[in-house]
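What follows is a short report on a single structure.
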Amino acid sequence: MKTIGHHTLEDRGNYEELLIRGPIKSINENAYLGKGYYFWDNNINYAKKWGELSYESKGKKFLICEAELNLESSCFLDLVGNMEDIHYFKEIIIRYNKYHWPIGKFIEHLKYLNRQEKFRDIFPFKAIRAFDYSKNKFEVYKFSNKEKSGYTVLNPVLIICLIEKNKLILNSFKIVYPVNKERGE
């Protein structure tokens, strides 16, 4: 799967370093999908909302960087659009998550297990994508006029976490917001 990822971070004025070293890894213990490099899946509007909530609300400036992401199915755990991946992950949670850890902590445990010979290939993934149901008021559209009709969401918040930086996965990285003449844009 190919997509555009939007990476929101604090504007510290270190543009050249950021373009060379970026994206920046989240090492937060409460990271939703474990430690990694986080992107909004092709959603610059939510990347802006995140910047406003996380940085502007605290009197800080933020940047949004954009990258082309190439997520090969063999190393990509897609918890949004691949039912086999969803079933696999649910089964592994039922089997190994005896402590009922949140998803991010459980993923970190799976990464640890994967480094052991006995559990090799239990978690061979380099990227994960998930639907975050908590982030905004969804645009809900009913399928029919029936009272108990199902619905669909047309503004989903999809998160991608790259477990490792890799030029095959992360093809480009550039600052796209705000546009700034100082950076040559």
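Among the listed residues Ser172, Ser144, which satisfies the condition of being more than 30 Å from Ser54 (Cα to Cα) and of a type in the set (Ser, Thr, Tyr)?
Result of the check over Ser172, Ser144: Ser144.
For the stretch 77-105, give me each residue that is aromatic (Phe, Trp, Tyr) and more than 18 Å from Leu162 (Cβ to Cβ).
Matches in the stretch 77-105: Tyr88, Tyr96, Tyr99, Trp101.
Please tell me if Cys75 is surrounded by 16 or more Cβ atoms within 10 Å (Cβ to Cβ) and over 11 Å from the mean Cα position of the chain (by Cα).
It is false that Cys75 is surrounded by 16 or more Cβ atoms within 10 Å (Cβ to Cβ) and over 11 Å from the mean Cα position of the chain (by Cα).
Scan the stretch 110-163 residue by residue and report those that are assigned to a loop (DSSP other than H, G, I, E, B), surrounded by 12 or more Cβ atoms within 10 Å (Cβ to Cβ), touching a helix residue (DSSP H, G or I) at 6+ places or on another chain (Cβ under 8 Å) and not aliphatic (A, V, I, L, M).
Phe123, Phe125, Lys126, Lys135, Asn136
Restricting to the stretch 164-181, and then to whatever is in a strand (DSSP E or B) and buried (at least 19 other Cβ atoms within 10 Å of the Cβ), can you tell me which residue is modelled with the lowest pLDDT?
Only one residue tops the list, namely Leu170.
Inside the stretch 1-84, counting only strands (runs of 3 or more DSSP E) that do not spill past its ends, which hold 1 or more residues that are hydroxyl-bearing (Ser, Thr, Tyr) and touching an Asp or Glu at 6+ places or on another chain (Cβ under 6 Å)?
It comes to 2-10.
Which residues, taken from the stretch 80-108, are loosely packed, with under 10 Cβ neighbours inside 10 Å, farther than 21 Å from Lys35 by Cα and not basic (Lys, Arg)?
Of everything in the stretch 80-108, those that are loosely packed, with under 10 Cβ neighbours inside 10 Å, farther than 21 Å from Lys35 by Cα and not basic (Lys, Arg) turn out to be Met83, Glu84, Ile94.
The values are calculated or read from the model by the stated rules, or taken from the named source; none is laboratory data. As the structure is a computational prediction, the values presented were derived from the model and not from experiment. Note that each Cβ is placed from the backbone with ideal geometry, even for glycine, and that neighbours are counted across all protein chains shown.
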